[in-house]
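First the structure, in the form of structure tokens, and then the observations on it.
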Amino acid sequence: MSKLNVAVLVGSTRRDSLNRRLAEALGRLAGERLAFTFVKIDDLPLYNQDLEADYPESAKRVKAEIEAADGVLFVTPEHSRSIPAALKNAIDWAARPWGKNSWAGKPAAITGTSPGAVGTAVAQAHLRHIASILGMIVTGGEAYISFRPDLIDAQGNVTDESTRAFLQTFIDQFATLLEHL
Ligand code: FNR
């Protein structure tokens, strides 16, 4: 079976993002089943409806990558107990213009990591709500990853056995869902 294409949106745009590292580790765990396309969101202008008349190229690119994907994976930090503004901005651009919502009907999985004890739980809950409203088919379950400095090694491998097994199950379940849709 050929690999299914997953559009990956990392909620952090910073260079050394822990969430980016988690997303890359999930890509390794997905192995031969899923091909990850990392969607660039840091060149999007701040959403403004006035800009829709001449839709920005970066926003067209994001929409095209979402539409071409078999599923969407969100890997996001929590900012002030919600999703980062950069991620919400990308979601809004791809949801527009009216009647051309690129998210509708897309299967989606959500996870995220933070050094904090309850990190990303509230952000993920908010994201789950937004994704549902936009018509995504959001997978059930919870995946909150508490980040330690040595959790993922330089090669992108998850070093902790139980966390690796948990993430393997998480990505395998998403792959199985995509394969059956
Ligand atoms: C944070 N951080 C944070 N962590 C958390 O668990 N809950 C929160 O509400 C917040 N709020 C928050 C706001 C802002 C503006 C910043 C910059 C940070 C800490 C955050 O989890 C930490 O910086 C992670 O390392 C962010 O993930 P990336 O950027 O490394 O992927």
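The values are calculated or read from the model by the stated rules, or taken from the named source; none is laboratory data. Predicted, not measured: the structure shown is a model, and the values here were computed from it. A quick note on method: Cβ atoms are made from the backbone with ideal geometry, for glycine too, and the neighbour counts reach across all protein chains shown. Heads up: the accessible areas ignore ligands, DNA and RNA and are worked out on the full protein's heavy atoms, side chains in. Shrake-Rupley method; radii C 1.70, N 1.55, O 1.52, S 1.80 Å.
Per-structure values
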item	result
Ile152 being farther than 29 Å from Ala64 by Cβ and either among the basic types (Lys, Arg) or open to solvent by less than 70 Å² (accessible area, probe 1.4 Å) (or both)	yes
Among the residues listed as Val118, Val122, the single one being in contact with a Ser or Thr (Cβ under 8 Å, 6 or more places away or on another chain) and open to solvent by 40 Å² or more (accessible area, probe 1.4 Å)	Val122
Hits in segment 125-149 (condition: open to solvent by 20 Å² or more (accessible area, probe 1.4 Å), touching a residue at least 24 places away in the same chain (Cβ under 8 Å), outside any loop (DSSP other than H, G, I, E, B) and of a type in the set (A, V, I, L, M, F, W, C))	Ile130, Ile137, Val138
The one condition in (1) open to solvent by less than 90 Å² (accessible area, probe 1.4 Å); (2) away from the ligand (no atom under 16 Å from the Cβ) that Val10 fails to fulfil	(2)
Asp160, sole failed condition from (1) surrounded by 12 or more Cβ atoms within 10 Å (Cβ to Cβ); (2) of a type in the set (Asp, Glu); (3) under 23 Å from Ala35 (Cβ atoms)	(3)
Residues of segment 13-37 satisfying the condition of being assigned to a loop (DSSP other than H, G, I, E, B) and either within 15 Å of the ligand (Cβ to nearest atom) or open to solvent by 40 Å² or more (accessible area, probe 1.4 Å) (or both)	Thr13, Arg14, Arg15, Asp16, Ser17, Glu32, Arg33
Test set (1) touching a residue at least 24 places away in the same chain (Cβ under 8 Å); (2) over 15 Å from the mean Cα position of the chain (by Cα); (3) within 25 Å of Glu142 (Cα to Cα) - Ser80 fails condition number	(1)
Residues within segment 103-132 that are closer than 21 Å to Phe36 by Cα, within 16 Å of the ligand (Cβ to nearest atom) and of a type in the set (A, V, I, L, M, F, W, C), tallied	2
Matching option when the condition is more than 12 Å from the ligand (Cβ to nearest atom), of a type outside the set (S, T, N, Q), part of a helix (DSSP H, G or I) and open to solvent by 50 Å² or more (accessible area, probe 1.4 Å), among Lys63, Lys40, Lys100, Lys88	Lys88
Hey, Leu51 among the hydrophobic types (A, V, I, L, M, F, W, C), away from the ligand (no atom under 16 Å from the Cβ) and open to solvent by 30 Å² or more (accessible area, probe 1.4 Å) or not	yes
Index of the failed condition, Leu4 passing every other in (1) open to solvent by 70 Å² or more (accessible area, probe 1.4 Å); (2) in contact with a strand residue (DSSP E or B) (Cβ under 7 Å, 6 or more places away or on another chain); (3) in contact (Cβ under 8 Å) with a residue 40 or more places away in the chain	(1)
Unique residue being more than 25 Å from Arg148 (Cβ to Cβ) and in contact with a helix residue (DSSP H, G or I) (Cβ under 7 Å, 6 or more places away or on another chain) when the list is Lys40, Lys88, Lys63	Lys63
First in segment 103-124 and farther than 14 Å from Phe74 by Cα, second anywhere and away from the ligand (no atom under 14 Å from the Cβ) and open to solvent by 10 Å² or more (accessible area, probe 1.4 Å), Cβ under 8 Å, 6 or more apart	Ala104/Leu134; Ala104/Gly135; Ala104/Met136; Gly105/Gly135; Gly105/Met136; Gly105/Ile137
